[in-house]
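Every read-out reported here was derived from the displayed coordinates using simple, explicitly stated rules and does not represent laboratory data. Owing to the predicted nature of the structure, the values given are computational and were not obtained by experimental measurement. As a convention, Cβ positions derive from the backbone with ideal geometry for all residues, glycine included, and neighbour counts pool all protein chains shown.
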Amino acid sequence: MNTILIIEDEPQVRENILEILQLSNFETLAAPNGKIGLEIAQTQLPDLIICDIMMPELDGYSVLSALRQNEATINIPLIFVTAKAERSDFRQGMDFGADDYLTKPFTPEELLNAITVRLNKKAVVERQSQAKLDELRMNIIHSLPHEINTPLNGIIGMTQLLIDHSDMIDESEEIEIVESIYTSANRLQRLAQRFLLYSNLELIARNPQKISQIQAEIDNCLSKTIIHDVCLNNAKAANRDKDLKLELNESLVRMPQEKLLIIIEELIDNALKFSSPNSEIKVLSRVNGYQYRLDIVDHGKGMTSEEIEKIGALIQFNRKLYEQQGSGLGLAIVQHIVKLYQGEFTVNSTPGQGTMISISLPC
């Protein structure tokens, strides 16, 4: 049964709407002003909100703006009810992200029809989300066994070699074999850690209460040293430190340090993996007002618009052509983290020319 929240300061109007909805078998919540209504919306997470515009404490536009800025409530459909019928008022409501408008007085049929339309649209979006989840499951089924078996076969093969031919292997060869085992084990461990991280982020993304809790307890961290050290260490490990160009400005970013570390690790790893040695990788950061912007630019293989739209777990584009090791989890992890901490993630890419990945975060 769907739950609908009514935010209306006129008692008679509020009671009339409640009666109509209850007779139509909806669960109902009610608030006498915008402030209380917003609190109820953020804690109870109704399926739809009916909201007056002209109210004390917070008007309807302020309520809607707050809802659309919160990951937990951003997708809750909202229908404005108002006595004002000017075109400019309708336009303002739509600009704020309202889903529909009802002008007082309205009939029960008009109210119920508007609700039905919005709930049906919400159901379509939820079905699309489920389809994406099903696609993720299929990608896991197809990709994860390969990603596990490759390093695991290396570990088993090398250890078997040591067991069967220990008397024939000299010290230098033994060290080389052990190093190979260590490399494969590290790759397997990294895959497990990243997969667990992605799985956890997926679960959080489907838990509005958890999102609200995390966003209410956000830590801050200074960005410049973190980005500098991670990028330089990764570039040196790939023997590409001369390709790296850093132009960084210091900023206090609203994100825990360990999450910023993960973002930078994944983005620089992606840029190194999908671009050729001796091609420049540029990392730039700057502050614009209360927004922190980070760009990582490479001149690698690039992606098509279709590939960008399908960024997700365990999808590695053009694997048959390029055969880079990796599960394709990196960009999906970054996308989840940035969204969780109320930032924006964008990809601009041209096949054969390169990619610019940009993130914006509150600072």
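Please report the net charge: other residues with Cβ closer than 12 Å to the Cβ of ILE20, K and R +1, D and E -1. Taking every other residue near ILE20 into account, the sum is -3. Cross-link pairs exceeding 32 Å in C-alpha to C-alpha distance, out of LYS104/LYS132; LYS104/LYS339; LYS35/LYS121; LYS122/LYS210, comprise LYS104/LYS132; LYS104/LYS339. Compared with the dominant Cα axis of the chain, that is its longest principal axis, helix 34-44 is turned about 50°. With the Kirkwood sum run over all distinct C-alpha pairs, the range 194-281 has a hydrodynamic radius of 14.7 Å.
Against the chain, whose longest principal axis comes from its Cα atoms, helix 257-273 is set at around 60 degrees.
Sparse packing (at most 13 other Cβ atoms within 10 Å of the Cβ) combined with a DSSP loop state is found for the following GluC sites (Glu not before Pro) in the range 140-247: GLU217. Extents of the range 185-239, largest first, come to 44, 31, 12 Å (Cα atoms, principal axes, whole angstrom).
Which log10 I(q)/I(0) values does the range 17-83 give at q = 0.12, 0.20 Å⁻¹ under the Debye formula, counting every alpha carbon as one identical point scatterer? Listed by q, the Debye log ratios stand at -0.28, -0.78. Please report the net charge: other residues with Cβ closer than 15 Å to the Cβ of GLN160, K and R +1, D and E -1. Taking every Cβ under 15 Å from that of GLN160, the sum is -4. Among beta bridges identified by DSSP and lying wholly in the chain, the antiparallel ones come to about 55 percent. Quote the Stokes-Einstein diffusion coefficient, in whole µm² s⁻¹, for the chain, based on the Kirkwood radius over alpha carbon pairs, a temperature of 20 °C and a viscosity of 1.002 mPa s. It comes out at roughly 90 µm²/s.
Computed over the Cα atoms of the range 219-363, pair by distinct pair, the Kirkwood hydrodynamic radius stands at 15.3 angstrom. Each label was represented as a point 7 Å from its Cα along the Cα-to-Cβ direction; for ARG190 and VAL124 these points are 4.3 nm apart. Between the Cα long axis of helix 108-165 and the first principal axis of the chain there is an angle of about 10°, rounded to the nearest 10.
The ratio of the alpha-carbon radius of gyration of the range 21-60 to the globular-protein estimate 2.2 N^0.38 Å is 1.19. Within the straight-line cut-off of under 23 Å between alpha carbons, the lysines reachable from LYS282 are LYS224, LYS236, LYS242, LYS245, LYS259, LYS273, LYS301, sequence neighbours fewer than 8 places apart in one chain being disregarded. Here the dipole of the chain is about 680 debye; that uses its Cα centre as origin and unit charges on the Cβ of Lys and Arg (positive) and Asp and Glu (negative).
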